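What follows is a single structure, written as C-alpha cells, with notes after it.
The values are calculated or read from the model by the stated rules, or taken from the named source; none is laboratory data. Every value quoted in this text rests on a predicted model; they were computed, and no experiment measured them. Neighbour counts are summed over all protein chains in view; Cβ atoms, including those assigned to glycine, are modelled from backbone coordinates with ideal geometry. In case anyone asks, the SASA skips ligands and DNA or RNA and just uses the protein heavy atoms, side chains included. Shrake-Rupley method; radii C 1.70, N 1.55, O 1.52, S 1.80 Å.
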Amino acid sequence: MIVILKEKSEERQLNHLTEWLKEQGISLHMTKGLHQSILGLIGDTSKLDINLLKQMDIVEDVKRVQEPFKNANRKFHPLDTVIPIGNTVIGGGSMTVIAGPCSVESEEQIITVAESVKGSGAQLLRGGAFKPRTSPYAFQGLRNEGIRLLLEAKKATGLPIVTEIMDLSQLELFDEVDVIQVGARTMQNFELLKQLGHLSKPILLKRGLANTYQELLMSAEYIMASGNENVILCERGIRTFETYTRNTLDISAIPVLKNLSHLPVIIDPSHAAGAARFVPSLSMAAIAAGADGLIIEVHNDPQHALCDGVQSLTMEDFEKLMKHLTVIKNAQTACLED
Ligand SMILES: [Mn+2]
C-alpha cells in the first residue's frame, strides 16, 4: 500500500501517522520528493482501514498495490484450482455443465429432467428446493421435500446435485447435497459464508446483480478464510440500464476473474438472459471465452413450470446445445494450444 502525503505536512503530523502505522505492525519506507513525499507500507495491510487513512489531515491519497483477497488470489496460487465432484471435476479448463429445472416440482419432473440432461451430457443436476423469489406470493419451493426428491434423482441417475441454501437454519438438510449454491441475493450474507467455510464440500458462489468482481472475490475469501478452498465462482448477469434481457451477462467476468483468481469460473446464461431463445448464444460465448462450465435451466414442460419457465430450455433444445458446445470447446482448446 502506498500513502501519498500532502505537500505541506508538518513533522508532528507525520510522526503521529508513522507511529500509528507502526503500532499496527507495518514497516515504512519513505520517499521524499521535491514537493511531495510518499510512504510505502510493508507488511500485512489487509486489516488496515483505507478510509480511515484517507481522512487523516496530511494524507492526499492512498493506493493499494496488493488486492485485499489472499486465499482466492492467483498471485499466491498460480495454478488453477480443480475441484472433484463425484466422478467429474470443475476447473482447470473443464467444460462442466450443470443442468436442471429452476425448481424441483415433483418426483416425476425431476427424474425425467435428470435422465434427459444426463443423456445429453450434463455432469451435474441442478434444482431449487428453497427459492429466493422477488415476490413473497410466488412459489417458494418444496423445501425439505425438494431436497429429498433431488436425492431420489441422484439415486436414479448418479448425477451429483447442486441446490441453493438461503439461510443457516437450513444447513443440516444439506448433508447429502454435493454442491451448495449461494445465490446472487445471498452473496453477502457473511455469517452464512463463514459457516460454509467450515464444510469441505464445494460451494457455488453466484455474483450479486450489483456486485463488483472484488466484492465477489471477497465473499469467496470469507468461505476460504474459514478453511474451505472449494469455491466455484459464477457470473449470472448484472443490472445495467438495459431492460430487454433480464440482466446483462458480463462476459468480461471470465477473463478478469481467471486473471485475478485460481478458482473455477462458470456462467449462468439462463438468469442473465431471462429468455430461453438467448441461452444457446450466451452459453457458446461463455465456453469460447474460457469458462470452466455452465449452469443452465432445463424443464420437461417450460410452459407449465412453476418458476422461470420462460428462460428454461426444453430437453430437446438442451441436447442440441450440448452438441454445439462440444464443437466450441474443441475450437477453444485448439486456440489455447496455438
Ligand atoms: Mn431460476
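Please determine, by comparing only the residues of the range 174-190 that are out of contact with any strand residue (DSSP E or B) (no Cβ under 7 Å at 6 or more places or on another chain) and in contact (Cβ under 8 Å) with a residue 40 or more places away in the chain, which one is least open to solvent (accessible area, probe 1.4 Å). Only one residue fits best here, namely 186. If the condition is being of a type in the set (S, T, N, Q) and either within 11 Å of the ligand (Cβ to nearest atom) or in contact (Cβ under 8 Å) with a residue 40 or more places away in the chain (or both), then the range 282-325 contributes 283, 300, 311, 312. Within the range 26-38, the presence of a residue that is in contact (Cβ under 8 Å) with a residue 40 or more places away in the chain and surrounded by 16 or more Cβ atoms within 10 Å (Cβ to Cβ) is excluded. Restricting the range 204-218 to residues that are outside any loop (DSSP other than H, G, I, E, B) and of a type outside the set (A, V, I, L, M) leaves a set whose member that is nearest to residue 266 (Cα to Cα) is 206.
Please verify whether the range 154-172 includes one or more residues that are in contact (Cβ under 8 Å) with a residue 60 or more places away in the chain, more than 13 Å from residue 104 (Cβ to Cβ), within 16 Å of the ligand (Cβ to nearest atom) and assigned to a loop (DSSP other than H, G, I, E, B). The answer is no, given that none of the residues of the range 154-172 is in contact (Cβ under 8 Å) with a residue 60 or more places away in the chain, more than 13 Å from residue 104 (Cβ to Cβ), within 16 Å of the ligand (Cβ to nearest atom) and assigned to a loop (DSSP other than H, G, I, E, B).
Residue count for the range 39-60, restricted to those that are assigned to a strand (DSSP E or B) and open to solvent by 50 Å² or more (accessible area, probe 1.4 Å): 2. So is residue 235 over 22 Å from residue 283 (Cβ atoms) and either in contact with a helix residue (DSSP H, G or I) (Cβ under 7 Å, 6 or more places away or on another chain) or surrounded by fewer than 24 Cβ atoms within 10 Å (Cβ to Cβ) (or both) or not? When the stated conditions are applied, residue 235 does not pass them.
Filtered by the rule that a residue be closer than 12 Å to residue 202 by Cα, open to solvent by less than 70 Å² (accessible area, probe 1.4 Å) and in a strand (DSSP E or B), the range 76-93 gives 83, 85, 89, 90. Selection of the range 1-25 for residues being exposed (fewer than 12 other Cβ atoms within 10 Å of the Cβ) and part of a helix (DSSP H, G or I) yields 11, 12, 15, 19, 23.
For the range 257-281, the tally of residues that are away from the ligand (no atom under 16 Å from the Cβ) and either open to solvent by less than 10 Å² (accessible area, probe 1.4 Å) or part of a loop (DSSP other than H, G, I, E, B) (or both) stands at 6.
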